[in-house]
Amino acid sequence: MIIISILILLLCFFFIITAWRIHKKSTNSPKWYIIAASITGVIWLLTVDILFPNSGRESVSYKDIQNTGGKYKALAEAKEYMKQATVEGVIAPGDIERMAARITEYANNKYEPENKDILLTLAESIAADDYEQVKQLYQELDGKPILEQYLARSVQFEAKGNQITDPFPLNYGMVAIDATHAGNGSFQVNLTNENGESARIFDKTGEYSGKSFAHIPTNAQFTLDVISDGAWTLHTTQKIPEDTLRAPAKTKGKGDNVVFVYIKSGTTTFTFKHKGDSHFTAYINKTVGLDSNTKLIDETGTYSGSTSLNITTDGVYAIAVQADGAWSVDIR
């Protein structure tokens, strides 16, 4: 359309120039170039009106421009809904109604008609408190799967002596647990799901400060069962830290810790060094997608050596190190 319009405009200019030349050669001739210019203007206006019938007929306000991000605002509402559903386990009816109403408003945005149907369905799914349907529609709109671990919040517990914490939700993937203990005796921590299945996370004696992780096979409610003779704290998180390493990479630490590193698929070599007297072990697990931890090393005392592992998929992996001294790892 634009090309045709330009060609017509050039033809009109040619007509004007030709008429002007005729007029210059004959002083007695009428002013053809004036007539030609008038005809050209009419032709041009008709051309614009035919090719661009809506040109200049509708003004776009600042509010209209602000509302063109309806899809992304709806995604933000849906993510907030999923976050509340996974963290709190229940959402207040008033909050659900407000979320659904806002998404319905975004669906009726005249500048995004292609998303209207799916946004209306999303609003209906939230109004019905249908978590799985909301998650499916979110992924369809966003074009990529949502990692539910990013919806989970961090939870912290602080107490003294033997305790079983209140239940809290964990999503499929992994959880990192940071612990401190100020007692003199045994310090044991088990992570137990709603079916009574448990995994030992910490088994230490005396004062302690360190970190470990556990694989979470499915979304569920969990408790932390603590045996202790002193004050303790436990901090759980399923969030991937911002300072995640990217292989090839080197890092070092002291005592028990968890290192997050992005590793591409292929054969990866892990070179460990340890200066200590007790056990030195390291496990690896993908933050999402693996069913069990893989042991990288299991040594005692001072150690220096390498091991290789076939990484089947790209992703962020968690390496849990258990040591009583300084250590380092080189990942290549």
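Assorted remarks:
- Residue match in the stretch 239-259 (condition: over 25 Å from residue 325 (Cα atoms) and in contact with a strand residue (DSSP E or B) (Cβ under 8 Å, 6 or more places away or on another chain)): yes
- Where residue 324 falls short, out of the listed (1) at pLDDT 85 or above; (2) within 15 Å of residue 260 (Cα to Cα): (2)
- Restricting the stretch 140-150 to residues that are surrounded by 13 or more Cβ atoms within 10 Å (Cβ to Cβ) and more than 30 Å from residue 181 (Cβ to Cβ), the residue that is modelled with the lowest pLDDT is 148.
- Cβ-Cβ under 9 Å pairs, at least 6 apart or on other chains, the stretch 232-251 side at pLDDT 85 or above, far side polar (S, T, N, Q) and outside any strand (DSSP E or B): 234/165; 235/154; 236/154; 237/154
- Any strands (runs of 3 or more DSSP E) falling wholly within the stretch 123-232 and containing at least 2 residues that are within 26 Å of residue 79 (Cα to Cα) and of a type in the set (S, T, N, Q): 220-227
- When the test is whether a residue is free of Cβ contacts under 8 Å to residues at least 12 places away in the same chain and charged (D, E, K, R), residue 207 does not pass it.
- Just one of the listed residues (251, 223, 165) is surrounded by 14 or more Cβ atoms within 10 Å (Cβ to Cβ) and assigned by TED's automatic domain parsing to the domain that holds residue 315, and it is 251.
The values are calculated or read from the model by the stated rules, or taken from the named source; none is laboratory data. These numbers were taken from a predicted model, which means no experiment stands behind them. Here the Cβ is made from the backbone with ideal geometry for all residues, glycine too, and neighbour counts use every protein chain on show.
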